[in-house]
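Below is one structure; the comments refer to it alone.
The values are calculated or read from the model by the stated rules, or taken from the named source; none is laboratory data. This structure is a prediction, so every number in the text was calculated from the model and none was measured. Calculation scope for accessible area: heavy atoms of the full protein, side chains included, ligands and nucleic acids excluded. Shrake-Rupley method; radii C 1.70, N 1.55, O 1.52, S 1.80 Å.
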Amino acid sequence: MSQTAAWTRESALALLSRPFNDLIFEAQAIHRRHFDPNRVQVSTLLSIKTGGCPENCAYCPQSAHFDTGIANERLMSLAEVLDAARAAKAAGATRFCMGAAWRGPNDRDLGAVEAMVAGVRDIGLETCATLGLLAPGQAERLRAAGLDYYNHNIDTSESYYGEIVTTRRYADRLDTLAKVRAAGIAVCCGGIVGMGESRGDRADMLVALASMPEPPESVPINGLVAVPGTPLADAAPLDPLEFVRTVAAARIMMPRSMIRLSAGRLEMDDATQALCFLAGANSIFHGERLLTTPNPAVGEDLGLFDRLGIEAMESAGHGG
Ligand code: SAM
Ligand code: DTB
Ligand code: SF4
């Protein structure tokens, strides 16, 4: 089922629908061609600006449109961010990702983020930021400050996007992704599954990612964290095996990208996480908090790595 022709909705859907064992076997075979199967890259997240976001993403606890109990906080200070970065490094992370609940940064806030990026880099961590939509010139500024990766997810298929967000268009996301790429920053782009989308939507999302002029260096696959107060609070949980299928298809369709088993690990048992690594996931978010929601304890992750014979990667490096 390896293919060189461009992926289509039909071929991606056929891939996602293959017998489970065939799908996982192929994903693991492809994974081994490009990566050490027993190494996983570890990133830590920090919410540098929490809550009060003007966008209405139906999954997000930080949107000002929903009452989720998350207060609108100010941008963190440089010293607080650097303390958190040092702690993340000490806990074994190689990349530090700073997230802000903005539609996009204004120029003054961007100045503060530039200082954070430079400081985190000096600590010896790869830098990543996720700040929303970027205006012309902002990606270049971030690159000049030393930003290695920019996270900006397409989240779902283009046709399902309007069910999830109405304050911006799918095309706006693609526009920012193009700006990030043009500025020479590595792209981290993926999506969320379990939002009531169909397997066809998951196929479309993976095709969109795999068909970018250059596929993203990192592809986070998030399981929806259903947060009370958000419109998706009562979304029916996705079959864990369907999550594993999505990871496997991402690995096959983007053989050289890092596939990140992202949000939703707390809701997964260890065997499901192990299947995700077998299916080609080779990156996780490490640390007890994602942005606002909990993530497995550091000790639990290290214990799982130990049981699976997995070691944390030193550094993925650019393009890896
Ligand atoms: N505001 C910026 C933006 O939207 O790009 C950056 C922060 S935003 C929280 C980053 C990503 O987190 C979103 O694109 C989405 O994929 C993911 N995310 C947010 N809430 C989530 C949830 N409840 N479950 C899973 N993923 C979530
Ligand atoms: C990504 O794809 N997932 C991360 C990161 N990129 C920024 C965020 C997950 C957020 C989960 C909900 C929360 O903790 O607020
Ligand atoms: Fe705002 Fe990002 Fe949350 Fe959407 S996902 S509401 S843009 S913080």
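Worth a mention:
- Taking Arg141, Arg108, Arg121 as the candidate residues, the one with maximal mean-square fluctuation in a Gaussian network model of the chain, Cα springs under 10 Å, is Arg108.
- When the solvent-accessible area of the chain is split by element, carbon and sulfur atoms take up 53 percent of it, the probe being 1.4 Å.
- Note that the chain presents 40 Å² accessible area per residue, ligands and nucleic acids not counted, probe 1.4 Å.
- Working from the Cα coordinates of the range 11-167, the gyration tensor eigenvalues give, after taking √(5λ), semi-axes of 31, 24, 15 Å in decreasing order.
- Counting every C-alpha pair in the range 54-113, the share spaced more than 13 angstrom apart comes to 70%.
- For the chain, a/c is less than 1.5, where a ≥ b ≥ c are the root eigenvalues of the C-alpha gyration tensor. That puts it in the rounded class.
- Translational diffusion coefficient of the range 192-250 (Stokes-Einstein, Kirkwood radius from Cα pairs, 37 °C, 0.692 mPa s): 265 µm²/s.
- Multiplying each eigenvalue of the alpha-carbon gyration tensor of the range 153-294 by 5 and taking the square root yields semi-axes of 22, 19, 15 Å, largest first, rounded to whole angstroms.
- Per the Cα gyration tensor, the range 86-171 maps to an equivalent ellipsoid with semi-axes of 26, 16, 10 Å, ordered largest to smallest.
- Taking the chain as a Gaussian network of alpha-carbon nodes connected by springs under 10 Å, the highest mean-square fluctuation of the residues Ser43, Ser77, Ser63 belongs to Ser77.
- Amide H to amide H, with H built 1.01 Å from N, Asn295 comes under 5 Å of Arg289, Leu290, counting only residues 5 or more places away or on other chains.
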